[in-house]
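Everything on this sheet refers to the single structure shown next.
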Amino acid sequence: MPRVPHTAAALLALASLSACDRPADTQKTVAAAPKLSCLAPQPTPARAPATDGMVLVKAGEFLQGAKPARGEEGPPRATKVGAFWIDRTEVTNADFARFVAATGYVTLAEKPLDPKSYPGLSGDQLRPSAIVFVGAKNPNDGPGQWWQVIQGADWRHPEGPGSTIAGKENHPVVQIAYDDALAYARWLGRDLPTEAEWEYAARGGLKDAAYTWGDQPLDMKKPQANVWQGPFPQSDAGTDGYKAETAPVGCFPANGYGLVDMAGNVWEWTKDWYAPNLDPSEVVDPVGPTQRDAYLPSTPDEKRHVIKGGSFLCADNFCFRYRPPAREAGPTDTGSDHVGFRTVLRVKG
């Protein structure tokens, strides 16, 4: 499948990951909070069937989705899921580095474009690249200017040449395409979560709560997640301790299941193909639409996977997608600097 973010239309679609119709003055800037005490680096999980670094989520039933803040979040449905183990944290740079060292795996962002898929491109235009958020340089910049295709951007160089993950070994790995995340999961004998599994885990046992931590709004004196504070996309005040950047995993309070960063920090891949609604008839271990039935309203022929959880780029005045029912269509066949993942291991029987 062609790497669609190399088109202007796809860059605009990627900008919608942070789009929402909330007024631009709803969030006030306050003094920056001190950086929190984060989890110590954890050892890379052992190979299957080990559950190192995972949390057991028991089978249960919950109300998936919500009366939608955006149309794609509903209609809500009573959903049953089986028991599964899920990573306590997002997969880190250190985790992914050990996978690459063991297997020699090369991510999609590190590979040149196939000229057969891009007959209009040649030479330097086919060099390896990925998507990087650069913000608004000028007040009148639109979404198409907030993101750039950067040659040389990959998981080791998240913002492009000259950037590094040195000293960020315990940050979530980014610039990971869907297939890259799935390859890592399979290396461990695991899988990516379904959208239903991910949302059930994110809710942490809370019934119909607005956020992973309950119904209280963000508290910048005791921040609950790494998100954007201030007018997006011009300026992030960094009042949660991290300014327009990822945080090490586990810097914010865990939810009721002991899972961290299920809100903010980075978006996370799920297995489900994306359609702009939930199917009310699929209520027992739902797996989403088939690839054939997946679509984006703006580009019906484009197929993407659901991402969940929001990221450090989610602002109340623009995105508001760091809530359990929020969902978006991820740029499946390329990397971007605010999308990562975690893995699951389902309990058989």
Worksheet item: Could you say which residue among Glu61, Glu90 is of a type outside the set (Gly, Ala, Ser) and within 27 Å of Glu169 (Cβ to Cβ)?
Response: Glu90
Worksheet item: Within the set of pairs 6 or more residues apart or between chains, which connect a residue that is within 16 Å of Glu72 (Cα to Cα) inside the range 284-313 to a residue that is among the polar types (S, T, N, Q) and surrounded by fewer than 18 Cβ atoms within 10 Å (Cβ to Cβ) with Cβ atoms less than 9 Å apart?
Response: Ser298/Ser16; Lys303/Gln291
Fill in: Single residue of the range 87-145 satisfying the filter (surrounded by 15 or more Cβ atoms within 10 Å (Cβ to Cβ), hydroxyl-bearing (Ser, Thr, Tyr) and modelled with pLDDT under 95) that is farthest from Ala225 (Cα to Cα)
Tyr118
Item to complete: Only one of these is crowded, with 20+ Cβ neighbours inside 10 Å, under 20 Å from Ala101 (Cα atoms) and either in contact with a Pro (Cβ under 9 Å, 6 or more places away or on another chain) or charged (D, E, K, R) (or both): Arg156, Arg203, Arg190, Arg186. Name it.
Response: Arg190
Item to complete: Considering only the range 245-279, state which residues are among the acidic types (Asp, Glu) and at pLDDT 95 or above.
Response: Asp261, Glu268, Asp272
Worksheet item: Between a first residue in the range 132-157 that is free of Cβ contacts under 8 Å to residues at least 60 places away in the same chain and of a type in the set (A, V, I, L, M, F, W, C) and a second residue that is crowded, with 17+ Cβ neighbours inside 10 Å and part of a loop (DSSP other than H, G, I, E, B), which pairs have beta carbons less than 8 Å apart while being 6 or more apart in sequence or on different chains?
Response: Ile150/Glu159; Ile150/Gly160
Worksheet entry | Positions within the range 306-349 being in a loop (DSSP other than H, G, I, E, B) and among the charged types (D, E, K, R), in sequence order | Asp316, Arg321, Arg323, Arg327, Asp333, Asp337, Arg342, Lys348
Discussion item. With the structure loaded, tell me whether Tyr242 is modelled with pLDDT of 95 or more and in a loop (DSSP other than H, G, I, E, B) or whether it fails that test.
Written reply: no
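Residue by residue, here is whether (1) within 23 Å of Ala83 (Cα to Cα); (2) buried (at least 23 other Cβ atoms within 10 Å of the Cβ) holds:
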site: Gly230; (1), (2): no, no
site: Ala237; (1), (2): no, no
site: Phe252; (1), (2): no, yes
site: Tyr257; (1), (2): yes, no
site: Gly264; (1), (2): no, yes
site: Trp273; (1), (2): yes, no
site: Asp279; (1), (2): yes, no
site: Val283; (1), (2): yes, no
Practice prompt. Say whether the condition of being touching a strand residue (DSSP E or B) at 6+ places or on another chain (Cβ under 6 Å), crowded, with 24+ Cβ neighbours inside 10 Å and farther than 25 Å from Ala83 by Cα is met by at least one residue in the range 303-312.
Written response: yes
Discussion item. It is to be established whether one or more residues within the range 326-339 are without any contact (Cβ under 8 Å) to a residue 60 or more places away in the chain and touching a Ser or Thr at 6+ places or on another chain (Cβ under 8 Å).
Written reply: no
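The values are calculated or read from the model by the stated rules, or taken from the named source; none is laboratory data. Predicted model only: the values in this text are computed from it and were never measured. Heads up, the Cβs are rebuilt from the backbone with ideal geometry, glycines too, and the neighbour counts pull from every protein chain shown.
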